[in-house]
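Trainee: Sending over a structure as structure tokens; questions will come in a sec.
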Amino acid sequence: MKIGGFQKFSLIDYPGKICAIIFTQGCNYRCGYCHNPELVEPKLFSPLIPEEEIFSFLEKRKGKLEAVEITGGEPTLQPDLFEVLRKIKAMGYLTKLDSNGSNPEVVQKAVGLNLVDYLAMDIKAPLGKYRSVINSNIDLNKITRSIKLIMNSGLDYEFRTTVVKSQLKKDDILKIGEMIRGAKLYILQRFTPAKTLDPRFLKEETYSEEEFENFKESLKGYITKCIIR
Ligand code: SF4
């Protein structure tokens, strides 16, 4: 697996669990606001972290850490994703898989093989705006298929959207609400212009607290629980 980053400890990424995070290198989207350009843009790639290093760390932390999240980049692009998930599960850890929704077949297979305990998917925009937000010409049917399979997986899951003010209006947020109608958890993420794939996004902004609260209120009919972070 191409591992471009590793975080040894997090209390906020796997709900209710202490987890470590593996960041895979490479992504098929080019979201301008992406805050992990070094995992997306090949000329910014750093040397890979050997898998053995991660597994030896996880071996030592058994009983202290409870879960491992695989995020990116886009983890479903890694040909040995199942193998790595299988090894992590065999060590007794819970697993969380983050995806951008472009490879429903891979996520479906991981679920079918019981390799995942928690799923997270980024919903970038309503379908009509999707390609312009991700700067990539993906098959939009894959997004709807990913949403359906995650909601029908029987697993815990979350959908998330990073909100850049110039990209998404209230109407767009409501359209996303419609796309994931009935979902258990939806997270609206404030965009922070600290480090971005497209430097022009450093001048972009997000909405005010009041505006976010208003979005959350408007989403009540669609989603069981909505969080702003
Ligand atoms: S924010 Fe977009 S470009 Fe960055 S890793 Fe996620 S899907 Fe890829």
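The values are calculated or read from the model by the stated rules, or taken from the named source; none is laboratory data. Predicted model, so just to flag it, every value in this text is computed and none were measured. Quick reminder, even Gly has a Cβ in these numbers, built from the backbone with ideal geometry, and neighbours come from all protein chains shown. With ligands, DNA and RNA removed, areas are computed over all heavy atoms of the protein, side chains included. Shrake-Rupley method; radii C 1.70, N 1.55, O 1.52, S 1.80 Å.
Trainee: State in Å² the accessible area per residue of the range 1-97; use a 1.4 Å probe, count heavy atoms of protein chains only, and round to the nearest integer.
Mentor: 47 Å²
Trainee: Would you please give the residues with an amide H less than 5 Å from that of Glu69, counting only those at least 5 places away or on a separate chain, with H modeled from the backbone geometry?
Mentor: Ala20, Ile21, Ile22, Lys96
Trainee: Excluding ligands and nucleic acids, what accessible area in Å² is computed for Ile138 using a 1.4 Å probe, to the nearest 10?
Mentor: It works out to around 20 Å².
Trainee: Let me ask something else. Can you list residues whose amide H is under 5 Å from Phe6's amide H, if they're 5+ apart or on another chain and H is modeled 1.01 Å from N?
Mentor: Correct list: Phe23.
Trainee: Rank these by accessible area, largest first, 1.4 Å probe: Asp198, Asp98.
Mentor: The most accessible residue leads, giving Asp198, Asp98.
Trainee: Another question, then. What fraction of the DSSP beta bridges in the chain is antiparallel, stated in percent and rounded to the nearest 5?
Mentor: In the chain, approximately 20 percent of DSSP beta bridges are antiparallel ones.
Trainee: Further question: As a test question: what accessible area, to the nearest 10 Å², does Tyr118 have when a 1.4 Å probe is rolled over all protein chains in place?
Mentor: Using a 1.4 Å probe on the heavy atoms, I get roughly 10 Å².
Trainee: Each residue of the range 211-219 in order: what ³J(HN,Hα) in whole Hz does its phi give by Karplus 6.51 cos²θ - 1.76 cosθ + 1.60, θ = phi - 60°, with x for Gly and Pro?
Mentor: Values, residue by residue: 5, 4, 4, 5, 4, 4, 4, 5, 8 Hz.
Trainee: Keeping the other protein chains in place, figure out the carbon and sulfur percent of the accessible area of the range 3-228, with a 1.4 Å probe.
Mentor: Carbon plus sulfur share of accessible area: 53 percent.
Trainee: OK, next. Just flag the GluC sites (Glu not before Pro) in the range 49-130 sitting in loop per DSSP whose Cβ has no more than 10 other Cβ atoms within 10 Å.
Mentor: Qualifying residues, ordered by number: none.
Trainee: When you have a sec, figure out the Kirkwood radius of the range 108-204 from all distinct Cα pair distances and drop it here in Å to one decimal?
Mentor: This gives a value of 14.6 Å.
Trainee: Could you run the Karplus curve 6.51 cos²θ - 1.76 cosθ + 1.60 with θ = phi - 60° over the range 21-26 and give me ³J(HN,Hα) per residue in whole Hz, x for Gly and Pro?
Mentor: 10, 9, 9, 7, 9, x
Trainee: Could you tell me how many degrees, from 0 to 90 and to the nearest 10, lie between the Cα long axis of helix 81-90 and the main elongation axis, the longest principal axis, of the Cα atoms of the chain?
Mentor: 60 degrees
Trainee: Here's a follow-up. Using a 1.4 angstrom probe and counting only protein chains, how large is the accessible area of Lys109 in Å², to 10?
Mentor: 110 Å²
Trainee: Shape verdict for the range 1-160, please, from the Cα gyration tensor: rounded (a/c under 1.5), prolate (a/b greater than b/c) or oblate.
Mentor: It comes out oblate by the Cα gyration axes.
Trainee: Just to confirm the number: angle between the C-alpha axis of helix 140-151 and the first principal axis of the chain, 0 to 90 degrees, nearest 10?
Mentor: 70 degrees
Trainee: Let me ask you something else. Give me the lysines in straight-line cross-link reach of Lys129: C-alpha distance below 25 Å, same-chain residues under 8 apart excluded.
Mentor: Filter leaves Lys142, Lys148, Lys165, Lys169, Lys170, Lys175, Lys184, Lys195, Lys203, Lys216, Lys220, Lys225.
Trainee: As a test of the formula, what do you get for the chain when each DSSP H run with n ≥ 4 contributes -39,500 (n - 2.57) and the sum is divided by the residue count, at 222 nm and rounded to the nearest 500 deg cm²/dmol?
Mentor: -9000 deg cm²/dmol
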